[in-house]
Every structure is written in structure tokens, then in C-alpha cells.
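Below: the structure, in C-alpha cells.
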Amino acid sequence: MSDAFTTRVLNVASGSSERVVDLTHDCEAFLREAAEGRDGLLNVFVPHATAGIAIIETGAGSDSDLLAALHTLLPADDRWQHRHGSPGHGRDHVLPAIVPPHATLPVLAGRLELGTWQSVCLVDTNISNGNRHVRLSFLG
């Protein structure tokens, strides 16, 4: 691969509870090595059918608010046709239609260009899969 494209896979232990995991520091560390001061794009992708990537404020309750909103939109009950796994697991398979499994973000001078309160987060409502892979790819 050329210097114009670099990729790395993060292994994220999301545990056995619904979580919003802040990946911003991992993205920044990756860009320090991969971007080397260049402009480009960072793509963050989670190759799982039951997780997503969100740009959201964390630490002030917004991450909990997101999980609460997802519970309202996608209740963990028996209404889902996809029924294997834990009760309500079918809703986990609908999650990526609402919280997509990817985000593409601008990189300027090797730095992630986020707003003051924005963070890059893994959103994982699947309590049956405690380990996730997240692919970071820099194109510049």
C-alpha cells in the first residue's frame, strides 16, 4: 500500500452491557503515525451487523441519552423477527440503519477536524458480543 492509504484495526472490548465507547484518542494516535501532517480523510468502520459509529458529545450524559433514545426507538422485546441470541437481539440488527457502521471525517495537517464537543464513538447494543473490531483508514 502507498503512503496515501494506511489502515489499522482496533480491537475494542465493549463488554457485556450496552455501551458507547469513545474512540477519539485511538483515532488521533493513529493519525499521528499515518497522516504525518497531511490533509486527507479518516474513515472509521465497524464490520459488525450489530454496531455503529456515531459522532457525539461524551462525558456530559449524551452517551447515556443516546442509549436511552435507542431503547425508545428499538425496544429489546419480542417484537423482532430476528430472534436468535439474547431477548430483543433483533433490534441490534436494526441499529446500523440508524447509527451507521461508518463515519468519514476530515483530517487537516494530520489532525482530526472535530467540533469542540464532538467525539468518535462505537455504539454497541449487542450484549452477546463483547469484542469488536474497528478499522481506521487514512486516505491523504
Send over a whole-number figure in Å² for the accessible area per residue of region 5-139, probe 1.4 Å.
51
Using 0.36 nm per residue of separation minus the Cα-Cα distance, give me the extension gain between PHE5 and LEU139 in nm, one decimal.
47.8 nm
Of THR72, THR104, THR50, which has the largest mean-square fluctuation in a 10 Å C-alpha GNM of the chain?
THR72
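In whole percent, and with a 1.4 Å probe on the protein chains, what portion of the accessible area of region 5-139 is carbon and sulfur? Spell out each step's value before the answer.
Numbers: 3680 of 6910 Å².
Accessible surface attributable to carbon and sulfur in region 5-139 totals 53 percent.
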Looking only at region 56-73, which residues have a backbone nitrogen under 18 Å from a spot 7 Å from the Cα of VAL94 in the C-beta direction?
66-73
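The values are calculated or read from the model by the stated rules, or taken from the named source; none is laboratory data. From a predicted model like this one, the values you see are computed outputs, not experimental measurements. Because the Cβ atoms are built from the backbone with ideal geometry, glycine has one as well, and the counts that use them run over all protein chains shown. In case anyone asks, the SASA skips ligands and DNA or RNA and just uses the protein heavy atoms, side chains included. Shrake-Rupley method; radii C 1.70, N 1.55, O 1.52, S 1.80 Å.
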